[in-house]
Amino acid sequence: MDPEQVKELLGLFSEKIPVLLNSLTDVLYGKASAEKYGQAVANFYRTLKDSGMTDEQAFRLTEQYMSSLNLGKMIAQAVGSGRGHRGDDENRREIRVKVKGKDEDDV
């Protein structure tokens, strides 16, 4: 690429990226998104309680659910900084155990 093309591309990026980031921030952290997030978490917890889980079990799994909805954490895990956390398979296994009320050996 010649310098003029690079300059033109950088100019486009400097115009478009801030607008894109502002739009993304509004989608992720705006009032409507926060309300939907809160409703989703409340519905998840209520479903666990209705299925017969204890408060502690429902709370723990709801914490994990909320964590899974955290975009920043998902990105960090995707790029490798989330090492040391339990894997998705182990989390799914725990959820199946709690929801079905079975021993871990039965799952």
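The values are calculated or read from the model by the stated rules, or taken from the named source; none is laboratory data. Treat the numbers as computed from the prediction; the structure is a model and nothing was measured. Ideal geometry is used to build each Cβ from the backbone, glycine not excepted, and the neighbour counts take in all protein chains shown.
For residues that are surrounded by 12 or more Cβ atoms within 10 Å (Cβ to Cβ) and assigned to a helix (DSSP H, G or I), scanning just the stretch 71-83, find the one that is modelled with the highest pLDDT.
GLN77
List the helices (runs of 4 or more DSSP H) inside the stretch 1-70, counting only whole elements, that have at least 1 residues being more than 23 Å from the chain's Cα centre (by Cα) and surrounded by 11 or more Cβ atoms within 10 Å (Cβ to Cβ).
The qualifying helices (runs of 4 or more DSSP H) are 3-29.
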